[in-house]
């Protein structure tokens with residue numbers, strides 16, 4: 001080992017400070033080899049050998065050993081230079097390859113981006129064409145639906161018109177069938193007249209009585225004279241008995257309609273709250289002489305029982321509360337006024 005160190009620059013004299021400096025230098029060369037490469041290591045490491053070989057050739061008598069060292073140093077220095085050049089070329093080539101690869105990659109990226117733009121444009125075109133086609137189909141369907149709805153509306157109107165016409169015809173048929181003039185005598189509902197609501201107009205003067213199916217007296221009215229009424233409203237049920245004495249009577253079916261809450265006038269006869277008259281609080285009065293004014297609740301019990309008009313036992317007006325289902329019975333009075341009141 002000592003023989004080898006005697007040929008290493010820095011260790012030949014065996015002086016410690018030279019050995020320390022040489023060791024630091026050689027460690028630096030090794031680090032340089034790791035960091036940069038073998039070429040740089042050979043260049044830096046051989047420089048001391050070349051320099052000291054030249055000095056030895058000049059000073060020492062034994063020039064052979066120094067020449068060998070010089071030649072070896074120059075050869076290794078040349079190898080280092082060539083290796084370093086090769087490394088630089090390789091690095092340059094590598095950089096060029098990287099640059100070329102980057103160019104290729106960028107080009108491919110641009111092509112991909114361009115292809116994506118084209119693809120997106122195609123997709124948008126397809127989407128726009130589909131949207132246009134969908135709109136056409138939707139518009140066509142809307143037109144079809146509108147036409148179907150129009151035709152259905154026409155058909156519904158025809159059906160409704162037919163229904164209204166039939167109802168009107170049926171009502172007119174009932175009116176035609178039951179519009180009659182009865183002379184004095186007895187008549188039975190269901191045989192001589194259909195059940196329903198009627199307006200009786202008296203011709204001449206006489207007496208009208210109506211009995212229920214069980215024989216109960218429902219109406220007893222004087223008609224046609226100064227003491228009686230000119231017309232009477234009756235609601236006839238099946239098997240009621242009608243008796244006319246001393247006069248004729250025109251019978252006309254009436255269409256029942258609910259009169260709104262307000263000032264109304266009712267003549268003699270029967271009226272049902274909720275079907276003929278709107279419920280509420282009223283003041284009832286009359287300009288006729290006097291007559292019976294009775295209101296029955298839905299259970300049949302009388303709520304009001306007054307002689308309305310003028311006379312010793314009569315009242316000029318009475319305040320009443322009408323509820324749905326109540327029955328108003330007016331007798332011997334041509335007209336009773338109902339005025340809304342608080």
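Each value in this text was obtained by applying a stated rule to the coordinates, not by laboratory testing. Everything numeric in this text was worked out from a predicted model, so none of it was measured. FYI the Cβ positions are ideal-geometry reconstructions off the backbone, even for glycines, and counts take in every protein chain you see.
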Legend entry - Rough spin-label spacing in nm, given labels placed 7 Å along Cα→Cβ, for residue 151 and residue 67: 12.3
Inset, instruction - Give, in nm to one decimal, the length gained when the segment between residue 165 and residue 105 is fully stretched (0.36 nm per residue of separation minus the Cα-Cα distance). - result: 13.0 nm
Inset, instruction - Mind giving me the nanometre distance, one decimal, between the label points for residue 201 and residue 289, set 7 Å out from Cα along Cα→Cβ? - result: 2.4
Legend entry - Between the stretch 264-342 and the stretch 161-175, the alpha-carbon center distance in angstrom: 33
Inset, instruction - Along Cα→Cβ, 7 Å out, is where each label goes; now give me the distance between the ones at residue 115 and residue 142 in nm to one decimal. - result: 4.1
Legend entry - Burial ordering of 308, 322, 193, 151, fewest other beta-carbon atoms within 10 Å first: 151, 193, 322, 308
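Mind sorting 76, 67 by how few other Cβ atoms lie within 10 Å of their own Cβ, fewest first?
67, 76
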Inset, instruction - Just rank 245, 331, fewest to most, by other beta-carbon atoms within 10 angstrom. - result: 245, 331
